[in-house]
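What follows is a short report on a single structure.
The values are calculated or read from the model by the stated rules, or taken from the named source; none is laboratory data. Bear in mind the structure is a predicted one, so any value in this text is a computation, not a measurement. Because the Cβ atoms are built from the backbone with ideal geometry, glycine has one as well, and the counts that use them run over all protein chains shown.
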């Protein structure tokens with residue numbers, strides 16, 4: 001068994017669903033131009049960090065001296081089937097008149113799990129310990145989990161984990177588009193994997209499903225209109241015309257993911273070590289508005305929701321309430 005094969009086997013044993021290997025060369029000019037055009041059009045919104053370290057973001061070798069390979073992993077976060085939200089939404093609209101259940105806000109699927117950043121990084125550390133044990137102490141690594149300036153979806157696609165869809169997510173033909181990614185940049189020369197020859201073809205379901213038109217027909221993505229960006233990344237007052245389209249989405253939006261045909265038959269997350277909290281799928285909006293800083297920290301201590309300031313979460317709750325009773 002080759003070193004690359006041993007690494008892949010260990011990654012699967014550690015609970016990852018996908019693992020592939022790319023070389024550490026810079027991304028091709030087309031990918032670089034797409035990214036710089038996206039920034040030039042102002043589609044990054046207020047995510048100013050996206051404008052920094054462009055050389056590192058498009059060239060993983062800039063992040064580790066003598067980098068040769070990038071080990072890319074994927075963790076499927078497709079949740080089990082959750083109860084339909086429609087009945088609760090209908091009841092919530094009338095709760096102020098008929099004492100029905102309290103109005104609830106929806107939470108994106110990825111935030112129904114523990115914060116994936118430390119979870120995946122810890123698993124990647126275990127993988128590097130294994131690699132060092134068989135490849136020697138001269139092995140060097142740089143771990144990346146959505147924090148280092150790396151074009152992780154492009155690298156994952158190059159490593160054969162899937163293809164980048166029109167919803168700008170990495171899509172695996174079997175596991176679908178609900179995937180957390182992580183990378184290990186290493187100085188080890190490893191056998192690389194082949195690209196997946198698949199694409200969205202003529203499917204435009206994600207573009208049609210986007211509530212705000214953030215996914216554009218020309219292939220661009222305008223974060224300024226994206227509900228996930230507005231409810232998670234954006235710190236200002238959300239414009240009224242966009243706030244209305246947020247509906248009851250308290251944290252994030254899954255519409256472009258749920259519309260993807262590859263999602264239909266995707267298996268649920270099988271990693272039993274990755275904590276899942278189904279009760280976070282819908283949160284009581286009045287309780288959110290009553291949270292103190294201490295109770296917020298305690299309630300969401302291990303959740304991605306805690307990455308959002310409480311003031312912004314309450315902003316979102318107020319928008320959801322206004323939309324529910326409208």
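Checked against the criteria, residue 234 does not count as more than 26 Å from residue 48 (Cβ to Cβ), surrounded by 13 or more Cβ atoms within 10 Å (Cβ to Cβ) and within 19 Å of the chain's Cα centre (by Cα). Residue 190 - would you say it is under 18 Å from residue 74 (Cβ atoms), at pLDDT 95 or above, touching a strand residue (DSSP E or B) at 6+ places or on another chain (Cβ under 8 Å) and not in a loop (DSSP other than H, G, I, E, B)? Spelling it out, it is not the case that residue 190 is under 18 Å from residue 74 (Cβ atoms), at pLDDT 95 or above, touching a strand residue (DSSP E or B) at 6+ places or on another chain (Cβ under 8 Å) and not in a loop (DSSP other than H, G, I, E, B). When 313, 285, 321 are checked against the criterion of being in contact (Cβ under 8 Å) with a residue 60 or more places away in the chain, over 30 Å from residue 15 (Cα atoms) and in contact with a strand residue (DSSP E or B) (Cβ under 6 Å, 6 or more places away or on another chain), 285 stands alone in meeting it. The single condition from (1) part of a helix (DSSP H, G or I); (2) closer than 30 Å to residue 34 by Cβ; (3) touching a helix residue (DSSP H, G or I) at 6+ places or on another chain (Cβ under 9 Å) that residue 208 fails is (3).
Taken together, 30, 8 contain a single residue that is without any contact (Cβ under 8 Å) to a residue 24 or more places away in the chain and surrounded by 14 or more Cβ atoms within 10 Å (Cβ to Cβ), which is 8.
Quick check on residue 126: is it at pLDDT 95 or above and either surrounded by fewer than 18 Cβ atoms within 10 Å (Cβ to Cβ) or under 25 Å from residue 50 (Cβ atoms) (or both)? In short, yes.
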